[in-house]
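Report on the structure given below.
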Amino acid sequence: MEDERLARRVWALFTPYRAALMLIVAAVLVSSGLGIIPPFLTKALFDRALFPVDGGPVDLGLLSWLVAALVAIPILGALVGVYQTYQTTLLGNRVMADLRGRLFEHLQRMDLAFFTQESLSDMTAITEESLSVSGILLAKVFNRQADEVARYRGENARQVELQVRQAMTGQSFFAVVQTFMGVTPALVYLVAGLLIAAGSGVSAGTVVAFTTLQTRLLFPTVNLLRVSLDVQTSLALFRRIFEYLDLRPRIVDAPDARTLDVAAVTGRVELQDVSFAYPTDDENADPTWAVRDVSFVVEPGQLAAIVGPSGAGKTTVSYLIPRLYDVDDGRVLIDGNDVRALTQASVATAVGMVTQDTYLLHTTIEENLRYAKPDATQEELEAAARAANIHDRIVSFPDGYATVVGERGYRLSGGEQQRLAIARVLLKDPPILVLDEATSALDTTSERLVQQALENATRRRTTIAIAHRLSTVLGADLILAVDAGRVVERGTHAELLARGGLYARLYTEQFAGGAVEARCADGVLFRDGTAVVGRPAPGEERVA
């Protein structure tokens, strides 16, 4: 029953190409019919043209026509075969292209949870891991090239075994068929001899015709068997593909979802009693809460910082705002609208993100920027790059904005990658900005440049910054200290420092032994050489 349902779904893939499929079927019938004719022409050639049964002379006229037919039919059959192969290949590739397109589109709609430690192919995963720039660097630094080669060879050997097993499937049956076809002429001769000895009057042409006919039937029979085997193999492939196509995204637009007017968004963000647990395979297991009963409000234009130890749930909170995950309890509101009541596209337009792990496409700087706004003008690109403190660096490259950044941007430094990511967000121009530890992996000089870019990015925008370095958020309007998925403290830097709780402890750990403060005329604060977002903390003054 399952195979029948699968076959119907596969057949449905060919529905748009029914006309082409009918042409292929017609070509197969014509080709098969042409393959059967030559044995009968051969019989006529022997019995009527070369050795007439009435004992008459050779019929040269009939011989000429029969020879011409025997020459024409293979040529016509070859042309039909070429046409059949072309149409079959074209049809097969079109169907597979449609299926790949459907699969890719479907996977694009899947929620983020579907793609977290998932692997479509172990061997592909090993290849991508080991041969990426980062993978090669890791292997060289730890001198593990030999181990990586051994790991790949092990998986490669397993693939060879599977491929051989697949190739040998049904070969024993083919061998039986081929043996039978090879033995058949001998049986034909034996039967013909017995019939002739019995005085049945079997002609030489009849013997030749039967012998030729069975050899003509060999190839179509073997091909049909191969097609049957290919279909069985393909069904397993289609079953795997349909398994992915049947997966339903956890995050979908509600039937009555509204489109958020991004131009009118003020940027007020509110979380009301939000709880969230990452999905697991065991539906009966008790949830392990990554975020629990979190509530806070960020007013339009404010900078809110979320701080806390590793694994406290900071990044998870940031993913809930643009609805990369759906909350299990509570609500996430943008300008008073529950994000689940809005279209995903409009929420994505309203919320921009800069993450710690910047992802750049293996293309030019210009194309990486245009990913945020494909119709952006060159002036807009340069304005965004200037605001992100990256324009001067870009124009210093020989190819300028046409410079190819390389795989995952390896030709750029970490700070340059982050500033390019900030420029991309600035080009998008969202009213709400989420920064996920955007400077934690940078050196002091790069951090200073990135922080200046972030200062430009946060102007006139509601900003929620996930901070590992507390020096980057001292001037935040609201600081939320998170621990074990809960907000345990909230307030300004001065308020939380005076309270002596988690925030104060984190601050003391990072600035143990004292800290030196200086503030430049442009409002950028430096502590121990580390740049700070240029918003003065309450009570602090800028120094010229």
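Each reported figure results from applying straightforward, stated rules to the coordinates on display, with no laboratory input. From a predicted model like this one, the values you see are computed outputs, not experimental measurements. Note that each Cβ is placed from the backbone with ideal geometry, even for glycine, and that neighbours are counted across all protein chains shown.
Results, tabulated for the structure shown:
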| quantity | calculated |
| --- | --- |
| Pairwise FRET efficiency - Tyr244 versus Arg158, Cβ, R0 = 22 Å, nearest 0.05 | 0.45 |
| Integer Hz, Karplus 6.51/-1.76/1.60 couplings in order for the stretch 405-421, x for Gly and Pro | 7, x, 4, 6, x, 5, 7, 10, 6, x, x, 5, 4, 5, 5, 5, 5 |
| In sequence order, calculated HN-Hα J values of the stretch 338-350 (Karplus, 6.51, -1.76, 1.60; Hz; x Gly/Pro) | 4, 4, 6, 9, 10, 5, 4, 5, 6, 5, 5, 6, 7 |
| Relative intensity, log₁₀ I(q)/I(0), of the stretch 297-443 from a Debye sum that treats every alpha carbon as a point, q = 0.12 Å⁻¹ | -0.55 |
| Amide H partners (placed H, <5 Å) of Ile432, local residues excluded | Gly352 |
| Share, in percent, of DSSP beta bridges within the stretch 262-532 that are antiparallel, nearest 5 | 60 percent |
| ³J(HN,Hα), Karplus 6.51/-1.76/1.60, whole Hz, each residue of the stretch 76-93, x for Gly, Pro | 4, x, 5, 4, 4, x, 4, 4, 4, 4, 4, 5, 5, 4, 4, 5, x, 5 |
| Antiparallel DSSP beta bridges within the stretch 336-494, percent to nearest 5 | 40 percent |
| Leu91, Leu435 arranged by Cβ crowding within 10 Å, fewest neighbours leading | Leu91, Leu435 |
| Cβ-based exposure ranking for Thr364, Thr508, in which fewest neighbours within 10 Å come first | Thr508, Thr364 |
| Translational diffusion of the stretch 1-83, µm² s⁻¹ [Kirkwood Rh, Cα pairs; Stokes-Einstein; 20 °C; 1.002 mPa s] | 135 µm²/s |
| Likely footprinting exposure, Lys373, Lys43, Lys314, fewest C-beta neighbours within 10 Å first | Lys373, Lys43, Lys314 |
| Per-q log10 I(q)/I(0), the stretch 262-532, q = 0.07, 0.10 Å⁻¹ (Debye; single scatterer per alpha-carbon; no solvent) | -0.26, -0.53 |
| For Ile479, distant residues with modelled amide H under 5 Å away | Ala305, Gly491, Thr492 |
| Distant-in-sequence amide H partners of Arg486 (H built 1.01 Å from N, under 5 Å) | Arg292 |
